[in-house]
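Reading through the structure tokens given below for one structure.
The values are calculated or read from the model by the stated rules, or taken from the named source; none is laboratory data. Small disclaimer: the values here were computed from a predicted structure and weren't measured. With ideal geometry, Cβ positions are generated from the backbone for all residues, glycine too; neighbour counts draw on all protein chains shown.
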Amino acid sequence: MIGTRRNILAGTAAAALVATTRGAFAQQETVTIGWTGPLSGGAALYGKNTLTGLEMSAKEINDSGGVQIGGKPHKIAVVGLDDKYSPSEAAVNAKRLRAQYKAPVVFCPHSGGNFAMQAFNEQDGFLIGAYTSVPQMTERGNKLTFRIPPSFAGYIDPFIKTTMGSFGKKLGMAGADHDYAKAWAALMKPAWTKAGGTVVAENAMSYNKDTDFYSGVSRVMAGNPDVLFVGGASEPTALVIKQARELGFQGGFMIMDQAKLDEIAHVLGGYQQLEGAMGVLPTVFDPRPGTQEFVGRFRKAYNRDPGSEAAYNYAALNAVSEAMKLAGTTSDAAKILAKLTEAFKSLPPGRNPAHITEVDERGGSNVRLSLAYVKGGKIVPVDAATGNLMN
């Protein structure tokens, strides 16, 4: 009888605990953050990496009790939709995320999708979280756009100085054919010639659809270039580089920032075929404490190394949640954007592994560029200001 009574009391206590927990969750409101990007096709890994950064941030925020907005705790929910790297599908997804989920922010990791959303996001009242370094993204006057990475314009001069000085003045352009790669090419070509070089061949390729790049790379190799400009998502970029080496190319590479050296090396089985390549410093080689703290937590959570896509998007959502808290709103996109600089400055280094210092009046982030060069089969940091190797 006593044992039965104890069981009843224990059951009652457990039921009370469950009821209390449910009550706490019931009082916690939810803010849905939208994401549209490629989860299929050649850029699927790239898209997933950006989405994972957002999801990691949301989980940590929720595990810590959510974010206090207007005196109430809020959970962060991330809803991601596949757009297959298509600008038109990105626009459709954004409309759905806003209408169905009331998303105050929609993140997108490709310039075509972000430009498509800029046609209506101000009218619809949502903030674009643009993971693209195209400088025009924040130069068109859209008042509700946040460009997450720094403008790629800062990469051009150090890329040229390092590779032209090491290999020669003849450039072959074998980048991708999507909008982002075209924007890169539009700055790279005149800058190369201004520096005294010659563009000997041009052939943009469909990195997101093709898997065989023999004919496309062969056309560029016919110009006998000293340096190749390449880049799209990391996996197809690796295949382009592999094809160039198989065709006898001995020169250097300038790799646009969408492709990551460590991810390319993973596909190629090491850095040997990347000798003389210039690109963005991989996150795992960034020595700054906040970045390495993030790398450790990411490895523990996902059992793999993070790329800069994950780091930047992780930092961005942490800042957006803090900006909502500072602005006291989950719905006013203009007020959220206005608080982003203060939000980034308030984040501890481990929650801002991208080291974004501020967001300018046009919505562009300010970040110190981190570049790398492959020498002797190893990653060597490069001074972005001078283009000189740092060791």
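Of all positions in the stretch 167-181, at least one carries a residue that is hydroxyl-bearing (Ser, Thr, Tyr), at pLDDT below 95, assigned by TED's automatic domain parsing to the domain that holds GLY276 and not in a loop (DSSP other than H, G, I, E, B).
In the stretch 176-194, the residues that are among the acidic types (Asp, Glu) form Cβ pairs under 8 Å with partners that are in a loop (DSSP other than H, G, I, E, B), at six or more places apart or across chains, as follows: ASP177/ALA204; ASP177/SER206; ASP177/TYR207; ASP179/HIS110; ASP179/VAL134.
Between VAL280, VAL380, VAL295, the distinction of being over 18 Å from GLU60 (Cα atoms), of a type in the set (Val, Ile, Thr) and surrounded by fewer than 23 Cβ atoms within 10 Å (Cβ to Cβ) belongs to VAL380 only. With respect to LYS72, determine if the residue is touching an Asp or Glu at 6+ places or on another chain (Cβ under 7 Å), touching a residue at least 12 places away in the same chain (Cβ under 8 Å) and surrounded by fewer than 17 Cβ atoms within 10 Å (Cβ to Cβ). Against the criterion (touching an Asp or Glu at 6+ places or on another chain (Cβ under 7 Å), touching a residue at least 12 places away in the same chain (Cβ under 8 Å) and surrounded by fewer than 17 Cβ atoms within 10 Å (Cβ to Cβ)), LYS72 qualifies. Pull up the stretch 199-210, narrow it to residues that are in a strand (DSSP E or B) and touching a helix residue (DSSP H, G or I) at 6+ places or on another chain (Cβ under 8 Å), then point me to the one that is nearest to HIS110 (Cα to Cα). So, considering only residues that are in a strand (DSSP E or B) and touching a helix residue (DSSP H, G or I) at 6+ places or on another chain (Cβ under 8 Å), the one nearest to HIS110 (Cα to Cα) is MET205.
Within the stretch 51-66, the only residue that satisfies the criterion of being in contact with a Pro (Cβ under 7 Å, 6 or more places away or on another chain) and under 18 Å from PRO104 (Cα atoms) is GLY66. Report yes if some residue within the stretch 55-68 is small (Gly, Ala, Ser), surrounded by fewer than 24 Cβ atoms within 10 Å (Cβ to Cβ), within 19 Å of LYS325 (Cβ to Cβ) and without any contact (Cβ under 8 Å) to a residue 12 or more places away in the chain; otherwise report no. Yes, the conditions are met somewhere in the stretch 55-68.
Would you mention how many residues in the stretch 122-147 are more than 23 Å from MET256 (Cα to Cα) and of a type in the set (S, T, N, Q)? Number satisfying all stated conditions: 2.
Close Cβ contacts (under 9 Å, 6 or more residues apart or on different chains) running from residues in the stretch 314-332 that are basic (Lys, Arg) to residues that are part of a loop (DSSP other than H, G, I, E, B) comprise LYS325/GLY70; LYS325/LYS339.
Does at least one position in the stretch 294-314 carry a residue that is closer than 19 Å to GLY172 by Cβ and more than 15 Å from the chain's Cα centre (by Cα)? No; the residues of the stretch 294-314 include none that is closer than 19 Å to GLY172 by Cβ and more than 15 Å from the chain's Cα centre (by Cα). Selection of first residues in the stretch 348-372 that are in a strand (DSSP E or B) and surrounded by 19 or more Cβ atoms within 10 Å (Cβ to Cβ) and of second residues that are at pLDDT 95 or above and charged (D, E, K, R), restricted to Cβ pairs under 7 Å at least 6 apart or on distinct chains, gives the following pairs, ordered by first then second residue: GLY364/ARG147; SER365/ARG147.
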